Each structure stands twice: as C-alpha cells, then as structure tokens.
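J.: The structure is given below, and queries will be raised subsequently.
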Amino acid sequence: MRRWLPFEWIAAIRFLLEGRMQSLFIVAGVTIGVGVIVFMSAMLESMTANMMRRILNSQPHISMVPPDEVARPLHDAALNLGTVQRRTQRTRSIDQWQAVRTDLERNPEITHVAPVVTGSVLASRGVASRSVNAIGIEPERYFAIIDLPGNIAAGQPRLFAEDVVIGTDLAKELGVEVGDKVRFTAASGTMMTLTITGLFDLGNRFTNLRNVYVALRTGQALLGLIGGSTAIEVTVSDVYAAEDVAKVLQATTGVGADSWIKTNAQFFNVMNIQSISNTTIRLLVGLSVAFGIASVLIVSVVQRSKEIGILRAMGASRGQILRVFLIQGGVLGLIGSIFGSSLGLVAIWGFHAVARNPDGSEFFPLIIDWWLPVLAALMATATGVVAAVTPALRAARLDPVVAIRG
Amino acid sequence: MADPVLVLDAVKKSYAVGTPVEVEVLHGLDLTLEQGEFVALIGPSGSGKSTLLNLVGLLDRPTSGRLVLHGEDATVLDDADLTRLRGRSIGFVFQYHHLIAAFTARENVAMPMLLDRGFPDEAMFTRADALLDQFRLARWRDQPVGQLSGGQQQRVAIARALAMNPALVLADEPTGNLDTKSADIAFDLMREINETYRTTFLVVTHDPRLARRCDRIVELVDGRFTADRPNVAVREEAV
C-alpha cells in the first residue's frame with residue numbers, strides 16, 4: 001500500500017487489478033476509441049493546414065481591388081428603359097491608390113501591403129502562345145506577402161525592367177528555360193520581350209501556369225496603366241479574421257476588398273463539412289467508450305456488492321464508496337487514453353510514411369500539436385468519471401444489510 | 001460503574017410490506033450489555049435475531065425506542081455520524097468471513113483503520129501485525145485472503161473486527177461455516193480477547209455447544225425475549 005494514497009485510490013486500483021480481464025478488455029476498448037479520435041484529429045488538422053498552406057502560398061490574405069463600374073441610366077420620363085446592361089469591367093487602376101496604401105499601412109491588423117498591377121497578356125515563344133496573368137510587383141514589398149524567393153525552382157527571383165519570373169509549368173509548355181526570352185502581348189497591342197530570370201513552383205499547377213511576375217513599372221507599361229495599381233495585396237496578422245478585416249477595409253477605404261476566405265468559399269465549405277462529420281464521429285466514439293466503461297463498472301458493482309456492504313459496515317462512508325468507483329472510471333479512461341494516443345500517433349505516422357505522392361514527396365505535411373494527446377487524456381479521464389457516475393451512485397446507495405445478506 | 005456498552009430501550013422494528021400493512025418483527029425489546037460480557041443470542045429461525053443484530057450494529061434504524069451505544073443515543077444521529085460511530089465502536093464477524101478479496105490478510109485487518117483515517121500509516125499495520133501474531137496468522141499476512149483456508153479466513157475476519165478496539169463485537173454465526181476444530185480455535189480466540197481486553201461480545205448462534213460456553217444466554221422468540229439467564233456452568237467454571 002502506498003502511504004500517500006488515500007483509501008479510495010488504493011481500493012479503486014486494487015479492484016481494477018483484481019478484475020484483470022474486465023479491466024484489460026475495457027482499456028483495450030478505450031484505447032481503440034481514443035486512437036481513432038487522435039488519428040482523425042491529427043489527420044484533419046494536417047490536411048487543413050496543408051490545404052491552407054497551398055492556398056496562401058500563392059494568394060494574399062486580402063486583395064484590394066477597384067470597385068465594379070456600374071451603369072447609371074439617365075432617368076427620363078419619356079423614356080422607359082426595359083433593361084440596363086451591366087458595364088464591361090475594364091482593367092483599371094485603384095483611384096488614388098497611394099493614399100489607400102498609406103491608410104492600409106497605418107492599420108494595426110495589417111502586416112504587409114504591396115501594390116500590384118495585373119492584367120491578361122499573351123505569352124508567346126515561337127509558335128507556342130499561352131494566355132497568362134501578368135503581375136507587376138515591387139519585389140521587396142510583394143515577397144513579404146508571397147514567398148516567391150522561397151519557391152524558386154531555377155534561376156533567381158530578380159526583377160529588373162526587362163526581367164520576368166514564370167512558373168515551372170508555363171516554362172514546360174513554352175519550352176523555355178532561365179535566360180530564354182519570351183514575348184508578351186497585351187490586348188492593347190503593346191508588346192514586350194522579356195528575359196526569364198527565374199522559374200517558380202508555388203505548389204499549385206494553375207498558378208504555375210497562369211502567373212508571370214514582372215517589375216511594377218514593366219507591368220504598368222505593358223498593361224497601359226502608367227503610374228497605376230489594379231490591386232493592393234495585403235496580409236493580416238490573423239488569417240482567419242481576414243474576412244472581417246476585409247469588410248472593415250471596404251467600408252473605410254471605399255475600395256473593394258476580397259479576402260481569401262471569400263475567394264476560397266468552397267474550400268471552407270468542404271472543411272466545414274469535414275469538421276462536422278469528424279466531430280460527430282468523435283462524439284459517437286466517445287459515447288461508446290463511455291457506455292463501455294459504465295457497463296463494466298455496473299457489472300463490477302453487482303459483483304462486489306457484498307464487499308461494498310462489508311466496507312460500509314466497517315465504517316466506509318457513502319462518499320468513500322462513491323469515489324472508489326468514480327476513480328475507477330477515471331483511471332480506465334486515463335490509461336486507455338495514454339495507450340490510445342500512442343496508437344493514434346503511431347497510426348498517423350505510419351500513414352504519413354506510407355502515403356506518398358507519385359513522385360515520392362509527402363502526401364501531406366504532418367502537423368501534431370502536443371496538446372492533442374494531453375487533451376485526449378483529459379477528455380477520456382473526464383468521460384470515464386462521468387460514465388462511472390451511475391455505477392458509483394448505485395454502489396454508494398447499497399443498503400449494507402441487503403448487500404451483506406446478498 | 002461505567003456506562004453499559006449497549007442499552008436497548010423498548011426497541012421496535014417493523015417493516016412495511018406494502019402500505020398500509022406493516023409487519024412488526026421486534027416487539028419492544030429491552031436489553032443491557034455491560035462491558036466484558038460474552039453473550040449468546042439464540043432463538044429459532046425467523047425469530048428476529050438478524051434484525052436485532054442489524055439494529056445493534058447500526059446498519060438499520062429501529063422504528064421506535066432508544067438504542068444507546070457507549071452512552072451515545074444512536075437513534076438521533078444522522079447517517080454520517082452513525083457510520084462513524086459504527087466504524088469506531090462495533091466490530092462485525094459474519095458467518096461467511098466477507099473479507100475483501102483484492103487485499104492481503106494484513107490489509108484486510110488494517111481496513112477499518114484505513115477507512116477511519118483515510119490514509120495508510122505505520123501504526124495501523126503495526127496493530128494489524130500484532131493481531132495476526134496473536135491469531136497465529138503471521139505467516140500468511142502478505143497472502144491474498146483467497147489463498148487462506150476457511151478457518152484462517154475466519155480468524156482474519158475476527159482480527160479485523162477487533163482492529164479498531166471496538167466496545168462491542170457482533171458475531172453472526174461466526175463458526176457456522178467451519179469444521180469443529182476450526183470452530184473451536186475461532187471461538188477460543190474470541191473468548192481470549194474477551195477476557196484479556198474486556199471486549200463485549202454478542203454472538204448469534206444456533207450451536208448449543210457454543211452457547212453453553214457463553215457467560216449469558218439471551219433467547220429471542222417471535223420478536224420477544226423469552227429468556228435471559230447467566231450461564232451457570234461457565235460461571236462456576238470461571239470461579
């Protein structure tokens with residue numbers, strides 16, 4: 001007997017050890033339950049983080065864009081307009097974008113601001129041509145938002161007036177390498193021949209195919225927007241608050257603001273559904289674990305009713321008996337959760353090691369928070385205690401006279 | 001003279017067997033047990049012996065009347081105080097030893113002290129060892145009780161009943177489940193304790209052989225005491 005343990009703990013542990021088979025089986029049950037929960041949680045978290053990383057790799061948190069141009073029909077009593085056609089949206093600069101930029105830079109929730117100029121152009125090399133999205137940037141500002149230098153596959157992210165950085169997939173389609181020249185033609189007919197200084201791979205084929213980066217002034221010249229900026233890209237300190245910040249910015253600056261949450265609404269839908277189904281499964285697994293613990297303890301109370309009666313006769317209070325069984329529930333939950341967390345983590349590591357992309361790279365980055373097993377242990381212990389309430393009350397309420405006579 | 005160990009004053013007990021029908025099992029019992037008495041409670045089956053024992057053992061409450069244990073009126077105590085009084089003043093010996101199988105002999109003997117104090121300490125094991133020594137069980141003290149023989153188990157149970165130095169030991173057919181030899185050993189131990197420490201014993205028995213070896217015999221028939229006499233043979237032997 002451990003001297004520092006009170007009677008309740010001593011009795012609880014002895015009872016669990018005595019009913020070895022029962023304890024073993026229910027611990028195995030809890031282990032599997034907690035294992036499933038830990039595995040699913042780690043999996044969901046890794047997948048979400050991976051998807052978010054991929055999205056935010058090539059996108060700013062918020063894009064400030066010029067508001068849509070709307071048609072303003074003249075009201076004339078003699079003329080009744082049946083339909084008002086929507087205006088075509090030309091590529092145009094944000095009105096007084098420098099002032100807007102200054103405003104944004106003062107906002108404490110915003111970490112980085114970079115004006116860009118974007119527009120569709122045709123990239124051609126020999127007979128091959130692809131429609132691409134030319135993005136004129138100020139490298140030092142823009143690279144704080146999109147880590148282009150960190151995703152350079154070949155060459156370097158250098159952007160002087162005659163330079164261009166294109167994606168690896170576009171380079172493949174055009175058959176070009178670093179140092180080659182590519183001709184860019186804007187819709188207005190403006191034509192420029194630029195030298196490829198770097199190839200980037202942002203982990204997204206669409207981006208790698210569509211985006212080409214040039215210096216801001218080059219972009220302005222190519223798109224015919226001298227001195228203009230078609231968008232101001234912004235990062236915020238809390239990525240999940242991006243939509244709220246965007247709404248505030250839109251209201252205060254009068255410029256349109258699209259957050260990554262809005263532009264990726266589908267992704268968030270999928271994640272929400274995933275998360276709801278995941279939570280449901282975890283809840284049900286937790287419930288079945290609780291019922292398992294409760295049923296084992298109820299059987300134990302019935303088996304031990306004589307011993308409980310004798311303990312009561314010898315001076316055990318109802319509270320002491322109650323705690324003996326609550327502790328058993330908690331201990332079963334705790335031990336099961338320790339094994340279960342280990343099982344879940346081993347399983348996710350194993351899955352991560354086995355599940356590979358065709359090129360051998362990892363399928364998803366493994367992200368395991370240290371608090372996941374801690375939380376699982378706390379939850380399982382609490383579940384065990386709660387599950388033990390009914391059996392424990394039953395034990396505490398046993399009438400010693402009836403219990404002893406059996 | 002010191003307070004009597006136990007005083008029953010017009011104690012009645014009835015059970016509701018579906019209202020309004022009540023069955024009275026004990027019809028107003030008066031009984032006084034002095035310290036150091038060794039009393040046999042005899043009577044046919046169904047006479048109310050077990051009911052009386054449950055009342056005296058504070059496991060149940062009388063319907064009316066007073067029950068005073070060691071000067072303390074048990075009928076006015078709440079459940080928690082009753083449990084405490086029971087743990088400290090009464091030792092139980094049952095027909096089937098009712099030891100806790102998950103513990104060793106020594107731990108079983110220490111159990112009442114552990115329940116009372118909450119945490120294990122050196123003193124309770126010293127006390128348990130002394131009792132086991134006295135009961136010639138020292139060799140088996142660290143064995144799980146399930147591995148002991150019936151006689152040994154009953155001796156452990158008697159040692160456990162004495163752990164808290166109770167004023168009163170209640171024994172319900174303590175030897176009913178033992179062979180004659182083991183029964184004699186167990187009974188001798190109880191008498192030895194009774195004589196050495198002047199612990200009061202109330203022993204329910206069907207065994208006339210056993211009853212004859214008690215100081216006083218109380219007979220309960222149909223919920224009434226029909227006889228209460230000193231056992232002359234024992235008294236003379238003692239003199």
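Read-outs throughout are calculated quantities, based only on the coordinates presented, and are distinct from any laboratory measurement. Here the structure is a predicted model, which is why all the values come from computation and not from measurement. Please note: Cβ atoms are built from the backbone with ideal geometry, for glycine as well, and neighbour counts cover all protein chains shown.
J.: Could you sort out which of B:12/B:49; B:13/B:49; A:306/B:13 sit more than 22 Å apart by Cα distance in this structure?
T.: Beyond 22 Å between Cα atoms: A:306/B:13.
J.: Could I ask something else about it? List the extent of the Cα atoms of segment B:6-238 along each of their three principal axes, largest first, rounded to whole Å.
T.: 53, 43, 32
J.: Please give me the summed charge of the neighbours of residue A:258: other residues whose Cβ is under 14 Å from its Cβ, Lys and Arg +1, Asp and Glu -1.
T.: -2
J.: Compare A:121, A:302, A:239 in a GNM of chain A, Cα atoms joined below 10 Å, and give the one with the largest fluctuation.
T.: Ranking A:121, A:302, A:239 by mean-square fluctuation puts A:302 first.
J.: Please sort through the DSSP H helices of chain A and keep those with an alpha-carbon extent of at least 20 Å along the long axis and a Kyte-Doolittle average not below 1.0.
T.: Flagged H segments are A:20-57, A:265-303, A:318-354, A:371-387.
J.: Which of these, A:73, A:115, A:157, has the largest mean-square fluctuation under a Gaussian network model of chain A (Cα springs below 10 Å)?
T.: Sorting by GNM fluctuation, first place goes to A:73.
J.: Now for a different question. Please label the shape of the protein assembly as shown as rounded, prolate or oblate, based on the square roots a ≥ b ≥ c of the eigenvalues of the alpha-carbon gyration tensor (a/c under 1.5 means rounded; beyond that, a/b larger than b/c means prolate, else oblate).
T.: Prolate is the answer for the protein assembly as shown, as a/c is 1.5 or above and a/b outweighs b/c.
J.: Moving to a separate point now. Would you work out the relative contact order for segment A:222-360, in percent, from Cα pairs under 8 angstrom that are 6 or more residues apart?
T.: 13 percent
J.: For chain A, what does -39500 (n - 2.57) per DSSP helix run (n ≥ 4), summed and divided by total residues, give at 222 nm, in deg cm²/dmol to the nearest 500?
T.: -17500 deg cm²/dmol
J.: To make sure I understand the rule: partners must be aspartates and glutamates, Cα under 17 Å from the Cα of residue A:262, and not fewer than 8 residues away in the same chain. Which ones qualify?
T.: A:68, A:233, A:238, A:243, A:244
J.: While we're here: Determine ³J(HN,Hα), in whole Hz, for all residues of segment A:155-160 in sequence, where each value follows from phi through the Karplus function 6.51 cos²θ - 1.76 cosθ + 1.60 and θ = phi - 60°; x replaces Gly and Pro.
T.: Using θ = phi - 60°, the values come out as x, 9, x, 9, 9, 8 Hz.
J.: Still on this structure: Between residue B:117 and residue A:90, how many nm apart are label points set 7 Å from Cα along the C-beta direction?
T.: 9.6 nm
J.: Around residue B:13, what is the net charge, scoring Lys/Arg as +1 and Asp/Glu as -1 over all other residues with Cβ under 10 Å from its Cβ?
T.: Overall, the nearby charge balance is 0.
J.: Under 20 Å from a point placed 7 Å out from the Cα of residue B:212 along the Cα-to-Cβ direction: which residues of segment B:187-201 have their backbone N that close?
T.: B:187-192
J.: Take every DSSP beta bridge whose two residues both sit in segment A:97-259, then give the antiparallel share in percent to the nearest 5.
T.: Roughly 75 percent of the DSSP beta bridges within segment A:97-259 come out antiparallel.
J.: Another question about this same structure. Measure off 7 Å from each Cα along the Cα-to-Cβ vector at residue B:35 and residue B:191, then give the distance between these two points in nanometres to one decimal.
T.: 2.4 nm
J.: So for chain A: antiparallel DSSP bridges make up what percent, rounded to the nearest 5?
T.: 80 percent
J.: To the nearest 10 degrees, how steep is helix B:105-117 against the longest Cα principal axis of chain B, on a 0 to 90 scale?
T.: Compared with the principal axis, the helix lies near 60 degrees.
J.: With an 8 Å Cα cut-off and a minimum separation of 6 or more residues, compute the relative contact order for segment A:97-259 in percent.
T.: Computed value for segment A:97-259: 30 percent relative contact order.
J.: To make sure I understand, if each residue's beta carbon is the centre and we count other beta carbons within 10 Å, what order do A:207, A:280, B:63 fall in, fewest to most?
T.: Ascending number of Cβ neighbours within 10 Å: A:280, B:63, A:207.
J.: Tell me the angle of helix B:150-162 to the major Cα principal axis of chain B, expressed in degrees between 0 and 90 and rounded to the nearest ten.
T.: Roughly 70 degrees, rounded to the nearest 10.
J.: Turning to a different aspect of this structure: Starting from the Cα of residue B:221, step 7 Å toward the Cβ, then list every residue of segment B:19-43 with an amide N under 11 Å from that point.
T.: B:43
J.: Among A:21, B:124, which comes first, then next, by fewest other beta-carbon atoms within 10 Å?
T.: A:21, B:124
J.: Across peptide B:98-108, what mean number of C-beta atoms from other chains lies inside 10 Å of a residue's C-beta?
T.: Across B:98-108, the average partner-chain Cβ count within 10 Å equals 5.
J.: Sticking with this structure for a sec: Taking 7 Å along the Cα-to-C-beta vector as the label spot, tell me the residue B:24-residue A:160 distance in nanometres, rounded to one decimal.
T.: My value for the distance between the label points is 11.9 nm.
J.: Sorting B:7, B:21 on the 10 Å Cβ count, fewest up front, what's the list?
T.: Result, fewest neighbours first: B:21, B:7.
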